[in-house]
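Heads up: the structure comes next, in structure tokens.
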Amino acid sequence: MDLLFQMHSPQRRGFIKGLADAALGLFVATSLGGCEALLQKIRDRPTRRRLTATSAAAQADLQTYRSAVQAMKALPASDGRSWAAQAAIHGSVTGGFNFCQHGTPHFFSWHRAYLFFLEDICRGLTGESRFALPYWNWNQDGQMDPAFTVAGSPLFHPRNVTNLTGFAPVSNTSLDPILDDPNFLTFSGTLEGPHGDVHVRIGQDMRTGGSAIDPVFWMHHCMIDYCWAKWNLELGFDNPNDASWVATSWNHFFRRDGSPVTMTAGATTLMPLLSYQYEPSAIGTHAVAAEVRAAEDFAQLRRRVEAGAPVQLDIRQRFLIAETVQTPIGRPYSSPPVTQASALTGLLTERDPASNLFLNVEYARFPEANDFFVRVFVNLPGANAATPTTDVHYAGSLSFFGSPGGRHEQMHATKHLVNVTQTLRALMQRGELREGSPVTVQLVAVPADAQFRRPDLVLQLNRIELLATPIRVTKPAGSR
């Protein structure tokens, strides 16, 4: 049996209402003090393991997952625990998204709750109380585990690509600046980019609102959740403590017995600390972190996670690049030079190093096809589909994960955020970008498959701009 909710102070009851309602396996104590027995129970919570062919423990969990998926697929769709019903919480292949959160401050928290209850259903159906979902660290292990590619397996699903080795959006170069960003809002917003790129790259149903019908969806989102846990617990950055963010709740998840449950965003922040743990692994150049073992260190970490911090997105300056852009996907787009380039590059000099610059691309209409990526380059007017992503001018990529029409526009923000700080700094260090020199942005569409499904497609954008934000880390009292 999981650790149950045993003790909590009265003032926390509003914060953890979702946990109490769900009877989750979480323990929230006012103080751990010297209670080593209790700490040992927390140390022994289920482990989400890095999925590799050489890990016997991860392969055993994968076998349990295979059995659980098979059992869920055998349930009638009317059962909230069934594979079809669970996938429908996220969305459908033809109808787009249902309840999932994308392009909002709850991209992380909603999907964490989604994973948690799927995991609990798997435990109930298999009787494996220690089961935890493995995670696919596509940054370190590009090849999808063979269990997902064997025809006839409950984990098999049609896909276009099963190997992400060499895929730029999940490379160290792409992920390092995202994980180094101390602001929860921009960290979440920029990590959604590689997240969506993986969906589009794998293809088939993974490109749609119904992506959760593909069993590898859950391994992918475990990796996204691990990115958040690593950022928060290992790297020491803080989640929002805004009352409205903490109290946001959802009531469309299901317990292992098939009954509905309500979960709050604030409660999800404690899950990887008290309900499950991740087998650590590197992401980018961020190495494996030492496990917190001492009771006081754990208590201090828990206090920091519970406290959170004031988080806001301050736009110090905006640099408009273009408005109302309509560009054919088969033709690279190069913007006019950015005005006020002197001020822009000045933000990245030693006089003011504490700034990040993000490219904000807002689309006017979700495209009819989403089988392509849009690579972003800076100051490379000749960039085209053959320009490698290893080029110093490459800053990142955009993709259109989802389905046109339906509830897509309501569930997704109509914008993409790419951190271009490191690219601009690299160009300045090479002498290719100086204060006062012009800055241009190039958007280059490349097909995810062999060719564009709709080569006549015109990408319709509302606005392209650069946003300058201060690098600001606010630590609550008592934090490490």
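A few remarks follow.
- Boolean, HIS111 is farther than 22 Å from PHE131 by Cα and either in the same structural domain as LEU270 (by TED's automatic domain parsing) or among the small types (Gly, Ala, Ser) (or both): no
- Test for LEU301: is it assigned to a helix (DSSP H, G or I), surrounded by fewer than 21 Cβ atoms within 10 Å (Cβ to Cβ), aliphatic (A, V, I, L, M) and assigned by TED's automatic domain parsing to the domain that holds GLY80: yes
- Selection from the range 197-246 of residues that are farther than 17 Å from TRP83 by Cα, among the polar types (S, T, N, Q) and either out of contact with any Asp or Glu (no Cβ under 8 Å at 6 or more places or on another chain) or at pLDDT below 95 (or both): ASN239, ASN241, SER244
- Which listed residue, of ALA385, ALA445, is farther than 19 Å from PHE319 by Cβ, buried (at least 19 other Cβ atoms within 10 Å of the Cβ) and out of contact with any helix residue (DSSP H, G or I) (no Cβ under 7 Å at 6 or more places or on another chain): ALA445
- Residue that is farthest from PHE298 (Cα to Cα), among those in the range 42-70 that are surrounded by 15 or more Cβ atoms within 10 Å (Cβ to Cβ) and of a type in the set (S, T, N, Q): GLN70
- The single condition among (1) crowded, with 19+ Cβ neighbours inside 10 Å; (2) over 30 Å from GLY80 (Cβ atoms); (3) of a type outside the set (A, V, I, L, M) that PHE254 does not meet is (2).
- Identity of the residue in the range 371-429, of a type in the set (Lys, Arg) and outside any strand (DSSP E or B), that ends up modelled with the lowest pLDDT: ARG407
- Residues that are in contact (Cβ under 8 Å) with a residue 12 or more places away in the chain and either touching a His at 6+ places or on another chain (Cβ under 8 Å) or over 24 Å from PHE400 (Cα atoms) (or both) are absent from the range 157-175.
- Test: residue in the range 275-294 that is of a type in the set (A, V, I, L, M), out of contact with any Asp or Glu (no Cβ under 6 Å at 6 or more places or on another chain), buried (at least 23 other Cβ atoms within 10 Å of the Cβ) and not in a loop (DSSP other than H, G, I, E, B): yes
- Condition check for VAL261: among the hydrophobic types (A, V, I, L, M, F, W, C), free of Cβ contacts under 8 Å to residues at least 40 places away in the same chain and in the same structural domain as PHE107 (by TED's automatic domain parsing): no
- Just one of the numbered conditions (1) without any contact (Cβ under 8 Å) to a residue 60 or more places away in the chain; (2) in contact with a Phe, Trp or Tyr (Cβ under 9 Å, 6 or more places away or on another chain); (3) over 20 Å from HIS106 (Cα atoms) is not true of GLU234: (2).
- Annotation: of all residues in the range 71-102 being in contact (Cβ under 8 Å) with a residue 40 or more places away in the chain, assigned to a loop (DSSP other than H, G, I, E, B) and surrounded by fewer than 19 Cβ atoms within 10 Å (Cβ to Cβ), the one that is farthest from the chain's Cα centre (by Cα) is ASP79.
- Checklist (1) basic (Lys, Arg); (2) at pLDDT 90 or above; (3) under 27 Å from the mean Cα position of the chain (by Cα) applied to ARG454, failing item: (3)
- Qualifying positions in the range 72-85 - among the hydrophobic types (A, V, I, L, M, F, W, C) and within 16 Å of TRP218 (Cα to Cα): MET72, TRP83, ALA84, ALA85
- Selection count, the range 260-272, where residues are crowded, with 22+ Cβ neighbours inside 10 Å and out of contact with any Gly (no Cβ under 9 Å at 6 or more places or on another chain): 2
- Checklist (1) within 25 Å of THR190 (Cβ to Cβ); (2) out of contact with any helix residue (DSSP H, G or I) (no Cβ under 7 Å at 6 or more places or on another chain); (3) polar (S, T, N, Q) applied to ASN137, failing item: (2)
To keep it simple, each residue is scored yes or no on (1) surrounded by fewer than 16 Cβ atoms within 10 Å (Cβ to Cβ); (2) under 21 Å from GLN63 (Cβ atoms).
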| residue | (1), (2) |
| --- | --- |
| ASN137 | no, yes |
| ASP141 | no, yes |
| HIS157 | no, yes |
| ASN160 | yes, no |
| THR173 | no, no |
| PRO177 | no, no |
| PHE184 | no, no |
| VAL200 | no, no |
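The values are calculated or read from the model by the stated rules, or taken from the named source; none is laboratory data. These numbers were taken from a predicted model, which means no experiment stands behind them. Cβ coordinates were reconstructed from backbone atoms using ideal geometry, including for glycine residues, and neighbour counts include every protein chain displayed.
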